[in-house]
1. If you check Val398, Val362, Val366, which single one turns out to be surrounded by 18 or more Cβ atoms within 10 Å (Cβ to Cβ) and part of a strand (DSSP E or B)?
2. Can you tell me which of (1) of a type outside the set (S, T, N, Q); (2) surrounded by 13 or more Cβ atoms within 10 Å (Cβ to Cβ); (3) touching a residue at least 24 places away in the same chain (Cβ under 8 Å); (4) assigned to a helix (DSSP H, G or I) is the one Phe57 doesn't meet?
3. Just to be sure I understand the filter: pairs with C-beta atoms under 7 Å, separated by 6 or more residues or on different chains, first member in the stretch 363-381 and over 15 Å from Gly85 (Cβ atoms), second member charged (D, E, K, R) and surrounded by 21 or more Cβ atoms within 10 Å (Cβ to Cβ). Which pairs pass?
4. With the condition kept exactly as written, say whether any residue in the stretch 236-248 is touching a Ser or Thr at 6+ places or on another chain (Cβ under 8 Å) and either of a type outside the set (A, V, I, L, M, F, W, C) or within 27 Å of Pro378 (Cα to Cα) (or both).
5. Could you pull out every one of the helices (runs of 4 or more DSSP H) wholly within the stretch 243-357 that has 2 or more residues that are within 24 Å of Pro391 (Cβ to Cβ) and basic (Lys, Arg)?
6. So the check is Cβ under 8 Å with 6+ separation or different chains; which pairs have a first residue in the stretch 74-85 that's under 18 Å from Phe370 (Cβ atoms) and a second one that's of a type in the set (D, E, K, R) and surrounded by 11 or more Cβ atoms within 10 Å (Cβ to Cβ)?
7. Report, by residue number, each residue of the stretch 290-322 that is in contact (Cβ under 8 Å) with a residue 40 or more places away in the chain, over 14 Å from Gly269 (Cβ atoms) and not basic (Lys, Arg).
8. Among (1) under 16 Å from the mean Cα position of the chain (by Cα); (2) over 18 Å from Gly360 (Cβ atoms), there is one condition Val292 misses while meeting the rest; what is its number?
Amino acid sequence: MSETYTITTFDGARAAYRHKELRQALYDAGEVVMGDVLVNLHGDEHRARRRLENRLFRRDIFTHYENDLFPAIIDQTLEPWVEAGAAELVTLSHEMMMNLAALISGVDRPRRTTEESLHLYRYLMKFIEGATLAHSTRDRAEVSAEVLAALEAWDGEFLTPSIALRRAALDRLAAGTIGEGELPKDVLTVLLRNQDNLHLPHEVLRREIAFFLLAGAHTSATAFTRSIDRIFAWLAAHPEDSARVRADRMFVQRCVHETIRLNPSSPVGMRWAEAEIPLGDGRTARPGDKVVIDLMAVNRDPAVFGADGGEFNPERKLPDGVAPYGLSFGTGMHACIGQDLSGGLVPDPDGTAAGEHLYGLVAVAVQAMFDRGVAPDPDDPPAIDTTTARPYWARYPVRFLRP
């Protein structure tokens, strides 16, 4: 009979994430959209696909996204909301982050209209339901059928035309009519270019691109909304920092990192043991046992984060070798492939950044909101999502009070 072991200490969790005989278990229930995608692969198969996709996730490409592409997406997404004087953060954040995630994953938006973005957003939210099916409070078979139908419809509308354009570009590259620099810089192009080695069935390719779309958009969108909520509370207690949020992007990045530490995208990590694995506290997981990493406890471990580890404090001092976002991005072979894109680079211990620093897309977007005078809506408080056991906001109304 299999056992379940829960890890609540930072050191224990870090060791578990790095153990090669612990296999991903978090998304087993969401196979309809997560089957055979990068995050669910293990061993040689995982290394081979990650090695390919890592070619896209380089610092120079992240710099291009943060400095050249993302500011225009922010302006385009925020303009109608700011003009209206109010916004709903859950919708706004997913629309904004989805538009960037579409660039990275390789999902074209040929019309680039608000209506098209909202249509793609509806698909995205259905994919997220599938990925987090283990935490759903709805009938799982019903949700799974809805997700599959959405995947097939999205494939016909968005993915298949995107594939056709990239295959045509690869043909032109082979014929010598375009250069390497003219190829799209996205995951879909990387996978299609290496299809002779990967042999991915179309259904797996579809799920992989859907995964990059939902992971890139959803994790950043939830961090964006939660960071704004945390900063609202911080400014209520520290009004002297109001101008700092607009002027000091390093401070905003620290707020984002502290938010991600306290509110990881998933509150737990899960692994299946494939060998006997000492857990470092006298317990041993055996093949078939489940290891649960309680990130809500791990990222508050007082031995690492202090007696006030459960409180939000962007000025927190940390031991050497501990990331300010804790283990929310994981570590080891399954560390989040896009963590530097979303969260930016970790500053030097003294708070400075050497060279051209990447603040991360979440910090850039959050600061853009405060630049535009975002404030809580006193007449319409936010509400928690009751359709999932995960701690998500269902809606978060705000107003724009031009500074």
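None of the figures in this text is laboratory data; all of them are computed from the coordinates on show. These figures come from a predicted structure and were not determined experimentally. FYI the Cβ positions are ideal-geometry reconstructions off the backbone, even for glycines, and counts take in every protein chain you see.
1. Values: Val362 fails: part of a strand (DSSP E or B); Val366 fails: part of a strand (DSSP E or B).
That would be Val398, the only listed residue that is surrounded by 18 or more Cβ atoms within 10 Å (Cβ to Cβ) and part of a strand (DSSP E or B).
2. In the conditions (1) of a type outside the set (S, T, N, Q); (2) surrounded by 13 or more Cβ atoms within 10 Å (Cβ to Cβ); (3) touching a residue at least 24 places away in the same chain (Cβ under 8 Å); (4) assigned to a helix (DSSP H, G or I), Phe57 misses (4) alone.
3. The qualifying pairs are Val364/Glu66.
4. Let us first name the residues in the stretch 236-248 that are touching a Ser or Thr at 6+ places or on another chain (Cβ under 8 Å), namely none.
No, the stretch 236-248 has no match at all.
5. Values: elements: 249-262, 295-298, 302-305, 339-343.
Counting at least 2 such residues, we get 249-262.
6. Thr77/Glu95; Leu78/Arg372; Val82/Arg372; Gly85/Arg399
7. Filtering the stretch 290-322 down to residues in contact (Cβ under 8 Å) with a residue 40 or more places away in the chain leaves 290-295, 297-299, 301, 303-305, 310, 312-316, 322.
Then keep just the ones that are over 14 Å from Gly269 (Cβ atoms); that gives 301, 303-305, 310, 312-316, 322.
Asp301, Ala303, Val304, Phe305, Gly310, Phe312, Asn313, Pro314, Glu315, Val322 - these are the residues of the stretch 290-322 that are in contact (Cβ under 8 Å) with a residue 40 or more places away in the chain, over 14 Å from Gly269 (Cβ atoms) and not basic (Lys, Arg).
8. Unmet for Val292, out of (1) under 16 Å from the mean Cα position of the chain (by Cα); (2) over 18 Å from Gly360 (Cβ atoms): (1).
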